[in-house]
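Remarks on the structure that follows.
The values are calculated or read from the model by the stated rules, or taken from the named source; none is laboratory data. A quick note: this is a predicted structure, and the numbers were derived from the prediction, not measured. Because the Cβ atoms are built from the backbone with ideal geometry, glycine has one as well, and the counts that use them run over all protein chains shown.
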Amino acid sequence: MMADLAIQLVQMTLVLTLAPLLTGLVRKVKARLQRRIGPPLLQPYRDLRRLLGKEVVLAENASWLFSTAPYAIFACTWVAAALVPTFATGLMFSWSGDLIVIAALLGTARFIQALAGMDIGTAFGGIGASREVMIASLAEPAMIMIVFSVALIAGSTQLSVVAEHMLTAHVGLRVSLALALVALLIVALAENARIPADNPATHLELTMVHEAMVLEYSGRHLAMIELGVALKLLLYMSMIACIFFPPGLAGSHAAMPALVLGAAAWLAKLAVAGVALATFEMSIAKMRVFRLPNFVGGALMLGLLGVLLLFVSRGM
Amino acid sequence: MITLVLAAIGSFCLLAIAGAAAGRAAVGRYGVYGGCAVLSLLSFGVGLSAIGNPAETLHLPLGIPWIGMHLRLDALSGFFLMLLGLGAAGASLFAIGYGAHEEAPQRVLPFYPLFLAGMHLVLIAADAFTFQFAWEAMSLASWALVLSQHRDPANAHAGFVYLIMAVFSGLAMLLGFVVMAGAQGGFTFEAMRAAHLPPVLAALVFVFALIGAGSKAGLVPLHVWLPLAHPAAPSHVSALMSGVMTKVALYGFIRVVFDLLGGVPWWAATLVLVLGGVTAVVGVLQALLARDIKQLLAFSTVENIGIIFVGLGLALAFRANGFATGAALAFTAALFHALNHTLFKSLLFFGAGAVLNATGTRDMEQLGGLIKRMPVVSAAMLAGCMAISALPPMNGFASEWLTFQAVLLRPELPQWGLKLMIPADGALLALAAALAAACFVRLFGVAFLGRPRSVMAAEAVEADRWTLAAMLGFAGLSLLTGLFPGVVIDLLGPVSQAVLGTRMPVQMTDPWLTTIPVEASRGSYNALLLFAFVALSGGLAAVVVKRLGHGGLRRAPAWDCGFPDPTPMTQYTGASFGQPIKRVYDGLGYVAHDRVDMPAPGDTRSARLISERSDLIWDYLYAPLGVAVGRIATILNVLQFLTIRRYLGFVFAALVVLLLALALWQ
């Protein structure tokens with residue numbers, strides 16, 4: 001009980017403190033691949049500190065929703081991240097929400113984000129919100145289909161149970177899992193506003209999706225949103241790791257050495273995922289907005305195919 | 001208890017007379033709506049107590065002489081009575097304030113209590129005649145309410161379509177009952193339940209019930225009347241029609257198919273699953289493109305009916321395969337969603353009514369910035385939008401989550417139709433939920449956020465206290481049922497027990513009030529804890545960040561990339577917000593064409609963007625049907641101008657043909 005609580009608290013602190021580092025890593029690797037030196041690894045922390053040190057410049061007609069939204073988005077993302085096993089499955093509160101709930105919490109964050117984008121009443125906010133919900137309308141069902149595939153194999157939607165199942169049982173190579181992995185990678189790219197779905201470093205307004213929604217934010221509000229974005233990236237990487245690459249993950253009631261090993265394995269996985277993301281982003285161009293439905297819709301179809309295979313035969 | 005319901009029905013009829021007598025006087029509004037609110041609360045209480053108690057029956061010497069009037073109040077009726085009482089109490093409370101703006105109250109006041117009486121009687125009827133009588137009374141009263149502003153040609157058209165579909169629905173129900181009653185004429189539900197129909201006849205009854213109740217509830221493709229009629233009625237009636245009447249229709253379906261028929265084969269379950277899934281997606285897509293707020297809400301009702309039918313279809317599928325746990329879970333999820341829909345859809349219609357009163361328009365392109373002019377209405381609407389978008393911790397998510405758990409329960413059903421349709425329905429439900437979120441971001445973002453697009457929106461004032469009370473009450477209930485789904489699940493236990501013979505495990509004894517549909521290792525959900533975590537971490541973050549950082553706040557003009565636009569016309573509109581989705585899902589129930597009408601060089605007129613959208617179901621099903629009926633009517637027109645001799649001849653011929661048919665049958 002106490003151990004579970006300790007693991008839960010450690011995990012919540014770890015995801016919060018490590019999230020900017022992961023973003024820094026991705027940026028650094030991208031820069032190196034472009035033969036730039038790039039900002040230091042710790043730059044995202046400095047950015048956050050700088051933003052915190054500035055006053056908020058709030059648009060004159062902003063409502064209460066606009067200034068509450070950053071905290072709500074951050075809180076939803078953080079609670080969702082707290083439910084994903086990172087280095088150990090024995091989380092105190094893992095039973096309070098399953099994979100569907102995690103997806104829905106991120107959906108709540110997106111809902112609030114899109115509304116906040118429309119609050120000021122500028123054209124860019126509307127563009128961002130409209131495109132975001134268009135992408136989400138395909139990415140969310142794709143995510144649910146991935147959850148279904150995984151849940152049908154593991155017999156549970158509970159992420160810690162899934163991770164332990166993947167860790168211990170002889171799951172083997174399955175077509176449906178392969179489809180789910182590809183689908184999840186696509187969804188993760190789309191949900192985290194990465195290339196080819198969106199460009200996190202864009203400065204061209206007409207191509208922006210996520211950045212267009214947060215255009216009016218400044219100061220501590222923007223800091224909360226940036227932190228939420230970093231947390232979401234870490235969440236998705238941890239989720240992919242704990243479902244599809246669980247080796248190293250400490251089980252429930254694990255001893256100290258196993259926990260340390262789990263933490264080391266998790267950090268290694270994150271580093272690999274960060275480098276892989278940066279390399280992938282460097283090797284592909286951003287898509288036109290209206291090609292995105294094919295890309296994200298592909299994930300939905302792959303996910304659905306995986307679930308259908310599982311309904312036809314448990315062994316697929 | 002059942003006598004109390006009868007007394008309530010009688011009082012509704014008296015209120016209707018009082019309403020007719022009151023005419024335009026304000027006292028009529030207070031009396032009728034206040035009375036309706038009190039009576040509805042009474043039936044809420046009766047329904048609630050009926051769920052846990054054994055069924056009560058009553059036989060009155062009314063109606064057809066040799067049958068009489070059979071009434072029965074069991075757990076299923078009790079649940080729907082509770083739902084009806086809740087929805088009607090809220091709508092009546094709202095109407096006390098809303099009715100002050102009514103142009104012609106004398107067209108609403110007499111029919112409103114009659115509408116409620118009809119719905120009450122449907123729920124306690126226990127023979128085909130009473131049921132049919134109440135069903136038609138409900139239809140007719142609501143038709144009169146739809147036509148309360150009959151001078152608007154759109155409303156007249158809506159009333160016409162509604163009347164045709166209501167007649168069609170009544171006819172289908174009637175045919176279903178006739179088949180069930182059989183040659184012996186066992187018109188009581190008791191006799192129908194006892195009679196074991198041969199499979200062909202049972203299938204026929206199922207199809208009739210699906211058509212009859214489905215068209216009343218708004219199942220695609222029988223939904224066309226709903227987005228016309230629901231917005232045409234006054235807002236409190238819209239709330240009742242969308243939030244409650246569609247549930248009474250669901251009750252009709254459940255009563256006939258689950259109770260009287262006692263289960264159907266797997267192909268019937270597949271049919272329900274197909275129709276439910278299609279309804280959910282087609283409904284929400286149309287909602288996403290609607291411009292009229294109330295029409296948007298009506299299309300969204302179609303979507304939610306689809307979700308409920310998916311739950312019912314799953315229950316039928318599991319029951320056909322003798323999988324009792326799954327049937328109970330899916331059935332509970334469906335009824336839970338029905339309750340949720342009553343709560344949040346009524347809330348949203350109240351909000352639409354408040355906006356209509358404050359601004360005089362239902363067109364979202366004329367609105368904007370209402371969150372500052374109408375803060376309480378906006379906050380309640382936001383809660384409703386989150387609930388209907390199935391976002392935690394609101395109630396819409398709880399029922400959606402249960403439905404997903406039911407989908408995942410048993411993949412190894414033997415029939416191929418179900419093997420394919422159940423996961424496909426899972427995908428359709430997820431798609432509908434995501435599109436619903438998009439739809440309500442659009443509604444709330446365009447109508448309540450941003451800058452006002454018209455003078456009316458800029459000068460809107462907050463709604464009256466009756467409206468606010470009704471809205472806040474329902475918003476609170478939506479949150480509470482979302483935070484404590486276990487209470488509702490346990491409440492539905494006896495209903496599921498009575499209808500299916502099994503129920504979901506008791507939830508309120510679980511530690512921390514966690515919802516565990518089957519067993520803890522399969523998946524659990526604790527809304528209360530999650531809500532507490534989110535609220536706590538959000539609040540903590542706000543405090544810490546403000547303390548650690550600069551902490552200051554300055555108001556300045558919007559940044560907008562350095563190009564602040566002075567006019568609100570440059571904002572994203574509902575049409576521009578929906579455009580990407582319209583383009584992506586083109587072909588799913590509608591076909592959209594956008595074309596630019598560019599003047600020739602030298603021509604000084606302005607260029608125009610022409611956006612056209614055609615509804616495939618209307619164009620390919622109803623329009624040809626209308627043309628065919630028109631043709632036949634033209635051909636048969638000659639029959640209108642014959643001599644009395646000819647008519648008598650026809651009567652005689654008809655008699656001979658019927659007698660011949662009878663002779664051949666024997």
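Examine the stretch B:638-652 for a residue that is at pLDDT 90 or above, part of a helix (DSSP H, G or I), of a type in the set (D, E, K, R) and closer than 22 Å to B:P227 by Cβ, and state whether such a residue exists. Scanning the stretch B:638-652, I find no residue that is at pLDDT 90 or above, part of a helix (DSSP H, G or I), of a type in the set (D, E, K, R) and closer than 22 Å to B:P227 by Cβ, so the answer is no. From the list A:T108, A:T89, A:T68, the one residue that fits, being free of Cβ contacts under 8 Å to residues at least 24 places away in the same chain and under 22 Å from the mean Cα position of the chain (by Cα), is A:T68.
Does the stretch A:39-46 include one or more residues that are within 14 Å of another protein chain (Cβ to nearest Cβ), free of Cβ contacts under 8 Å to residues at least 40 places away in the same chain, farther than 19 Å from A:V272 by Cα and surrounded by 15 or more Cβ atoms within 10 Å (Cβ to Cβ)? Within the stretch A:39-46 (the criterion being within 14 Å of another protein chain (Cβ to nearest Cβ), free of Cβ contacts under 8 Å to residues at least 40 places away in the same chain, farther than 19 Å from A:V272 by Cα and surrounded by 15 or more Cβ atoms within 10 Å (Cβ to Cβ)), the answer is yes, since at least one residue qualifies.
How do the pairs read when you match residues in the stretch B:531-543 that are more than 8 Å from every other protein chain (Cβ to nearest Cβ) with residues anywhere that are in a helix (DSSP H, G or I) and charged (D, E, K, R), using Cβ under 6 Å and keeping only pairs 6 or more apart or on different chains? No pair meets every condition. From the list B:L71, B:L39, the lone residue that is surrounded by 19 or more Cβ atoms within 10 Å (Cβ to Cβ), in a helix (DSSP H, G or I) and on the phi < 0 side of the Ramachandran plot is B:L39.
Mind checking whether some residue in the stretch A:283-297 is surrounded by fewer than 23 Cβ atoms within 10 Å (Cβ to Cβ), facing chain B (nearest Cβ under 10 Å) and aliphatic (A, V, I, L, M)? Within the stretch A:283-297 (the criterion being surrounded by fewer than 23 Cβ atoms within 10 Å (Cβ to Cβ), facing chain B (nearest Cβ under 10 Å) and aliphatic (A, V, I, L, M)), the answer is yes, since at least one residue qualifies. Here's a check for you: in the stretch B:557-591, which residue that is touching a residue at least 40 places away in the same chain (Cβ under 8 Å) and of a type in the set (A, V, I, L, M) is nearest to B:V224 (Cα to Cα)? Once the filter is applied, the top-ranked residue is B:L588.
Given B:L329, B:L356, B:L402, which one is within 13 Å of another protein chain (Cβ to nearest Cβ) and more than 16 Å from the chain's Cα centre (by Cα)? First the steps, then the outcome.
Numbers: B:L329 fails: within 13 Å of another protein chain (Cβ to nearest Cβ); B:L356 fails: within 13 Å of another protein chain (Cβ to nearest Cβ).
Matching residue, one of B:L329, B:L356, B:L402: B:L402.
How many residues, within the stretch B:207-228, are outside any loop (DSSP other than H, G, I, E, B) and surrounded by fewer than 23 Cβ atoms within 10 Å (Cβ to Cβ)? Before the answer, list the steps.
Looking only at the stretch B:207-228, we keep the residues that are outside any loop (DSSP other than H, G, I, E, B), and these are B:207-217, B:226-228.
Next, from what is left, pick out any that are surrounded by fewer than 23 Cβ atoms within 10 Å (Cβ to Cβ): B:207-208, B:211, B:228.
Of the residues in the stretch B:207-228, 4 are outside any loop (DSSP other than H, G, I, E, B) and surrounded by fewer than 23 Cβ atoms within 10 Å (Cβ to Cβ).
Taken over the stretch A:203-226, the criterion of being assigned to a helix (DSSP H, G or I) and at pLDDT below 85 is satisfied by A:E205, A:L206, A:T207.
If we scan the stretch A:258-268, do we find a residue that is within 30 Å of A:I127 (Cα to Cα) and surrounded by 20 or more Cβ atoms within 10 Å (Cβ to Cβ)? No: zero hits.
Right, B:L480: under 25 Å from A:R110 (Cα atoms) and surrounded by 24 or more Cβ atoms within 10 Å (Cβ to Cβ) or not? When the stated conditions are applied, B:L480 does not pass them.
You will find that of B:L413, B:L409, the residue that is more than 9 Å from chain A (Cβ to nearest Cβ), under 24 Å from B:L314 (Cβ atoms) and not in a helix (DSSP H, G or I) is B:L409 and no other. Within the set A:T23, A:T86, the sole residue that is part of a loop (DSSP other than H, G, I, E, B), of a type in the set (V, I, T) and at negative phi turns out to be A:T86. Just one of the listed residues (B:A239, B:A287) is within 15 Å of the chain's Cα centre (by Cα), closer than 19 Å to B:G351 by Cα and not assigned by TED's automatic domain parsing to the domain that holds B:L356, and it is B:A239.
Specify the residue that is surrounded by the most Cβ atoms within 10 Å (Cβ to Cβ); the eligible residues are those in the stretch A:113-157 that are more than 7 Å from chain B (Cβ to nearest Cβ), more than 19 Å from B:E400 (Cα to Cα) and within 21 Å of the chain's Cα centre (by Cα).
Within the stretch A:113-157, the subset more than 7 Å from chain B (Cβ to nearest Cβ) is A:113, A:116-117, A:125, A:128, A:132, A:135, A:138-139, A:142-143, A:146-147, A:149-150, A:153-154.
Narrowing the set further to residues that are more than 19 Å from B:E400 (Cα to Cα) leaves A:113, A:116-117, A:125, A:128, A:132, A:135, A:153-154.
In the following step, the residues that additionally are within 21 Å of the chain's Cα centre (by Cα) were identified as A:113, A:116-117, A:128, A:132, A:135.
Values: A:Q113: 24, A:A116: 30, A:G117: 32, A:G128: 28, A:E132: 25, A:I135: 27.
Selected residue: A:G117.
Quick grid of which residues meet (1) out of contact with any Phe, Trp or Tyr (no Cβ under 9 Å at 6 or more places or on another chain); (2) loosely packed, with under 14 Cβ neighbours inside 10 Å:
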residue	(1), (2)
B:N526	no, no
B:A532	yes, no
B:G539	no, yes
B:V543	yes, yes
B:K546	yes, no
B:H550	yes, no
B:A556	yes, yes
B:W559	yes, no
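Taking first residues from the stretch B:96-124 that are in the same structural domain as B:S11 (by TED's automatic domain parsing) and farther than 19 Å from B:V355 by Cα and partners that are surrounded by fewer than 22 Cβ atoms within 10 Å (Cβ to Cβ) and of a type in the set (D, E), the Cβ contacts under 9 Å between residues at least 6 apart in sequence or on separate chains come to B:V108/B:E102; B:L109/B:E102; B:G118/B:E136.
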